[in-house]
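First up is the structure itself, then whatever we jot down about it.
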Amino acid sequence: MGFEEVRFEKNSDKAIQNKPLQKALVNVTDRFRTARNKASKEVSDWEELRSAAREIKKNTIANLDKYLIMLEEKVIKAGGIVHWAKDAHEASQIIVKIANDRGVKLVVKSKSMATEEIELNSSFEDAGIKVVETDLGEYIIQLAGEHPSHIIAPAIHKTKDDISALFSEKLGVPHYEKPEELTKVARERLRSEFLNAEMGVSGANFAVAETGTIVIVENEGNARLTTTVPKIHVALVGIEKLIPKYEDLSLFLSILARSATGQKSSTYVSFITGPKSPTDVDGPEEFHLVLLDNGRSGILASEETRESLYCIRCGACLNICPVYRHVGGHSYGGAYSGPIGAIITPQLMGIDKASELPFASSLCGACHDVCPVKIDFPKVLLELRKNVIESKKLGINSGKDLIEKLGIRFWRFTVEYESIYKITNKLSYYLQIPWKRSNGKLNALPYPFSRWTDKRDFPSVAKKTFRERWKEIKAETG
């Protein structure tokens, strides 16, 4: 990946101070969560569907080599061309070469996290090729020069006023107040780009090994225009996006839409198998499938973290995560944010470049509870934390490391002896008094405890211990 070393702690500190961002994160993720919960409850066998989807992904990833070869054969048979890219640089080179060899000057793109991962837009621009994002959210952040803040809602961090000011600055239009007016501006600008582009670039939600079909799910219709109007269509697809059979799609499309936006089905679902045939009215004359590794083989090799590749990019884990809901997507420093970013990015970028991300979680397990393919996020996070510690690249200085070790030893000493444990509990109550607020929370504890109280409400120590209260309850109830 072309992203720089992740500084999650620094980024999140800045995000927490941004009040408009905090409001936007809560409002949007609440809407997604409510819609997802309602949609999933409408399906009587929802848990069975999740289990079935997990088993299919588990089998596919375990036999990925076989299914990749099958996919390649079917795409070629349908008239497409398959390219293999070992990393981000090679993938970008392949796609840019396709454009250069055909004299392409304008490229339209539909929403694709894989292209964000390899920073394809920068490669096009370096080659003197104009590239335009056509998903409204992606179009907004392209104008702003930013990366997506959410997997399915890239501009979640932008208010209506932000977008109005951005359009006015970049597109030379008046400051519009209504979302409909802003949408109309984008639609009018993008229409001519679709008609004039020589190449369309997309990702894919799924790739079906059995038929060589790629499937794209969307709600705006821009992906369908991107893949049918230009003469050349290039699809960049991570090798983990495979599913074995065409009949599996009904299951995955159902759980994806419900988990992502709470819909029974997305507005547009496109099934693309090769370039257009002589009898087709529209469609590309050339279809290129670029299969991206970029670290995925390394993830596949680890039995402990392999299930990271089961992800179908629905975004449900972001919407439920208490960490993401406070710090937003840009704090994660890569293309992927939230719990999936915390486990995927360190494995794609290298643990040395993203050592803070496995610790960007409370391990509450809510992400596991909502994941449509039941990825065990806490288990993977703990494995990555172990890898960080073992690699000795945590990015904390020796002073902090020493304090942490001393703290763990002191805690162990206190819990090993009952008398010391009781004394410590009593002392904790009285020692906290200078920092205790009227609402029962602690404020501004001295370092290193300030790392817990500066950015969150931290409960104070109760006057009575649990043991004391339990004895009282037993005495009262006889």
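The values are calculated or read from the model by the stated rules, or taken from the named source; none is laboratory data. As the structure is a computational prediction, the values presented were derived from the model and not from experiment. Quick reminder, even Gly has a Cβ in these numbers, built from the backbone with ideal geometry, and neighbours come from all protein chains shown.
When A52, A24, A35, A15 are checked against the criterion of being in a helix (DSSP H, G or I), among the hydrophobic types (A, V, I, L, M, F, W, C), at pLDDT 95 or above and within 22 Å of the chain's Cα centre (by Cα), A35 stands alone in meeting it.
I'd like to check something: does the range 110-129 contain any residue that is touching a Lys or Arg at 6+ places or on another chain (Cβ under 7 Å) and closer than 24 Å to V217 by Cα? There is at least one residue in the range 110-129 that is touching a Lys or Arg at 6+ places or on another chain (Cβ under 7 Å) and closer than 24 Å to V217 by Cα. Evaluated against (1) loosely packed, with under 15 Cβ neighbours inside 10 Å; (2) part of a helix (DSSP H, G or I); (3) modelled with pLDDT under 90, D369 falls short on exactly one condition, (3). Inspect all residues belonging to the range 161-180 and state whether any of them is on the phi < 0 side of the Ramachandran plot and under 20 Å from the mean Cα position of the chain (by Cα). Checked the range 161-180: no residue is on the phi < 0 side of the Ramachandran plot and under 20 Å from the mean Cα position of the chain (by Cα). Listed by position, the helices (runs of 4 or more DSSP H) enclosed by the range 255-353 that each have at least 3 residues that are within 22 Å of A35 (Cβ to Cβ) are 316-320, 324-327, 338-349.
Of the set (1) surrounded by fewer than 19 Cβ atoms within 10 Å (Cβ to Cβ); (2) in contact with a Ser or Thr (Cβ under 6 Å, 6 or more places away or on another chain), all apply to A257 but (1). Exactly one residue out of V208, V201, V217 is farther than 22 Å from E119 by Cβ and either within 22 Å of the chain's Cα centre (by Cα) or outside the structural domain of V75 (by TED's automatic domain parsing) (or both), and it is V217.
Inside the range 102-128, residues that are part of a helix (DSSP H, G or I) and surrounded by 15 or more Cβ atoms within 10 Å (Cβ to Cβ) make up a count of 9.
Of the residues making up the range 129-180, those that are among the hydrophobic types (A, V, I, L, M, F, W, C) and surrounded by fewer than 15 Cβ atoms within 10 Å (Cβ to Cβ) number 2. With respect to being crowded, with 16+ Cβ neighbours inside 10 Å and either in contact with a His (Cβ under 7 Å, 6 or more places away or on another chain) or more than 21 Å from G338 (Cα to Cα) (or both), T183 falls outside the description. The residue that is farthest from A209 (Cα to Cα), counting only those in the range 38-80 that are touching a residue at least 12 places away in the same chain (Cβ under 8 Å) and polar (S, T, N, Q), is S40. One residue alone among R50, R33, R7 is in the same structural domain as F252 (by TED's automatic domain parsing) and not acidic (D, E), and that residue is R50. Before we move on, is A165 assigned to a helix (DSSP H, G or I) and of a type in the set (A, V, I, L, M)? When the stated conditions are applied, A165 passes them. If I filter the range 306-325 for residues that are over 28 Å from V237 (Cα atoms) and surrounded by fewer than 19 Cβ atoms within 10 Å (Cβ to Cβ), do I get at least one hit? For the range 306-325, residues over 28 Å from V237 (Cα atoms) and surrounded by fewer than 19 Cβ atoms within 10 Å (Cβ to Cβ): present.
Scanning the range 132-160 for residues that are hydroxyl-bearing (S, T, Y) and not in a helix (DSSP H, G or I), we see that the one that is nearest to the chain's Cα centre (by Cα) is S149. Would you be able to say whether some residue in the range 241-248 is closer than 27 Å to D45 by Cβ, surrounded by 21 or more Cβ atoms within 10 Å (Cβ to Cβ) and among the aromatic types (F, W, Y)? Among the residues of the range 241-248, not one is closer than 27 Å to D45 by Cβ, surrounded by 21 or more Cβ atoms within 10 Å (Cβ to Cβ) and among the aromatic types (F, W, Y), which makes the answer no. Got a sec? Which of A99, A35, A62 is surrounded by 20 or more Cβ atoms within 10 Å (Cβ to Cβ) and not β-branched (V, I, T)? Testing whether each residue is surrounded by 20 or more Cβ atoms within 10 Å (Cβ to Cβ) and not β-branched (V, I, T) leaves just A99.
Kindly indicate whether E218 is among the charged types (D, E, K, R), farther than 13 Å from I312 by Cβ and touching a residue at least 24 places away in the same chain (Cβ under 8 Å). Judged against the criteria, E218 is a match. If you go through the range 457-478 and keep only what is under 33 Å from the mean Cα position of the chain (by Cα) and either surrounded by 11 or more Cβ atoms within 10 Å (Cβ to Cβ) or among the hydroxyl-bearing types (S, T, Y) (or both), you end up with D457, F458.
Exactly one residue out of P434, P378 is part of a helix (DSSP H, G or I) and touching a Leu at 6+ places or on another chain (Cβ under 6 Å), and it is P378. Restricting attention to the range 266-293, the residues that are touching a strand residue (DSSP E or B) at 6+ places or on another chain (Cβ under 9 Å) and either surrounded by fewer than 16 Cβ atoms within 10 Å (Cβ to Cβ) or outside the structural domain of F206 (by TED's automatic domain parsing) (or both) total 4.
Scanning the range 435-470 for residues that are aliphatic (A, V, I, L, M) and at pLDDT 80 or above returns L442, V461, A462.
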